[in-house]
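The values are calculated or read from the model by the stated rules, or taken from the named source; none is laboratory data. Remember, predicted model here, so these are calculated numbers, not experimental data. Positions of Cβ are backbone-derived with ideal geometry, glycine not excepted, and every protein chain shown enters the neighbour counts. We work out accessible area using only protein heavy atoms, side chains counted, and drop any ligands, DNA or RNA first. Shrake-Rupley method; radii C 1.70, N 1.55, O 1.52, S 1.80 Å.
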Amino acid sequence: MATTELKTIVCIKQVPGDSAVEVDPVTGILRRDKIKGKLNPYDLFALEQAFLLRERFGGTLTALSMGPRQAEESLRECLYMGADRACLICDRRLAGADVLATAWTLCQGIRRIASYDLILCGKQTTDGDTAQVGPEMAELLGIPHVTNVMRIEKINESSLTLVSALEERLYRLKLRLPCLAAVEKDINTPRLPSYRRKKETAGQPIEIWTLDDLPDREENHYGLSGSATRVERIFPPCRDGKRQMYDGSGAELADLLLELLLSKKMISR
C-alpha cells in the first residue's frame, strides 16, 4: 500500500435518537422502525479520524452500516461530512442479531468491499454499550486490532502506530496493515456536515445490499439464527416522577445521604 492511497472503511450505526424506545415483548428486540434515529455519537470520532488521515495521506473513505432502510439517513450524513462511498446491509433476515451475528454481517460487507487498509469504529454504541463488535470483526477477519485508541501517530506502507488507553496506562503500539482500530471520544473533535457538500452529494446513491449480495449467503449465520446469545428481557427504566427535597448544611445533607444509601442497601459500612 502507498500512503497516498489509504483505503479506510468506517463502520457506523444508527441508534435511537431518544430513550422512548419500544421493545418487542416476545423477542426482546428494539423496534427500530418506529423511532427516530441518529448517527451513533462514538462513530463521529471514527469518521473524523478517517477524514484527518485522508487529508494527510489521500485515499478513499467508505462508510458501512447494517440496519433498516432508515439507516440511510445516517449514511447520508456521512456523505455530507465527506465520505466517498456509503453502503448499507439491509435485510429482514438480519433482524435480531447479537454482537456476534452483527460482526459477521459487517465482515461480509467488508469482504464484498474487498480492498482496504484500515477499519475504524467508534468505541461502542449508545444503544448496546457492549464495545464488542469491533474486536469481534477483527477476529473474524483475522487482522490485528486495538481498542480505546486515543491517537494515531504514524502510518507507512505496512504498519500503523497508535496510542491506546488501557486500564491506567497509555500504550504505544505498532500494528501491521490491514488492521482495525476502535477509537475513543477524546481522539478528536468531529466536524459538522457541510451544506455545500450536502448539495453536491444530494443525488449520490447509497449502495443497498441484501443477504443475497454477501459472500456468505447461509441464512443461519445471520440474525437470531446466527446469534450466540439471546436477550431474556429488556425494558426501559421506570419513571415515577417522585422526589424528595431536603434542607440543611453540607455536613447534615452528607450524613442524610449516607443513611439513605445504607437503608436502601446500595452501600454497606
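Tabulated data for the structure shown
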quantity: Considering only the chain, percent of DSSP beta bridges that pair antiparallel, nearest 5; calculated: 40 percent
quantity: Angle in degrees between helix 250-263 and the longest Cα principal axis of the chain, rounded to the nearest 10; calculated: 80 degrees
quantity: Estimated distance in nm for a label pair at ASP127 and LEU257, the labels positioned 7 Å out from Cα along Cα-to-Cβ; calculated: 3.5 nm
quantity: GLU167-ILE267 FRET efficiency (beta carbon distance; Förster radius 22 Å; 0.05 resolution); calculated: 0.35
quantity: Within a Gaussian network of the chain (alpha carbon springs, distance under 10 Å), most fluctuating of LYS199, LYS36, LYS185; calculated: LYS199
quantity: Evaluated at q = 0.14 Å⁻¹: base-10 log I(q)/I(0), Debye formula over Cα of region 60-126; calculated: -0.43
quantity: All lysines inside 22 Å of LYS123 as judged from Cα atoms, apart from same-chain residues fewer than 8 positions distant; calculated: LYS7, LYS13, LYS38, LYS154, LYS174, LYS185
quantity: Heavy-atom SASA rank of LYS265, LYS7, LYS198, LYS154 (probe 1.4 Å, accessible area, largest first); calculated: LYS265, LYS154, LYS198, LYS7
quantity: Net lengthening on full extension, VAL231/ASP84 (0.36 nm per residue, minus Cα-Cα); calculated: 49.3 nm
quantity: Carbon and sulfur %, accessible surface of the chain computed with the full protein complex present, 1.4 Å; calculated: 50 percent
quantity: Pairwise Cα inverse-distance average, inverted: Kirkwood Rh of region 125-269 (Å); calculated: 21.6 Å
quantity: Where Rh is the Kirkwood radius over Cα pairs, Rg/Rh for the chain; calculated: 1.05
quantity: Partners for LYS264 among lysines (Cα-Cα distance below 20 Å; same-chain residues under 8 apart left out); calculated: LYS242
quantity: Average Cα contact separation per residue, the chain, under 8 Å, 6 or more apart, as relative contact order %; calculated: 23 percent
quantity: Long-range amide H partners of ARG151 with built H, under 5 Å; calculated: VAL163
quantity: Length added when fully stretched, LEU140-THR210, from 0.36 nm per residue minus Cα-Cα; calculated: 23.2 nm
quantity: Spatial separation of Cα centroids for region 80-154 and region 207-269, in angstrom; calculated: 23 Å
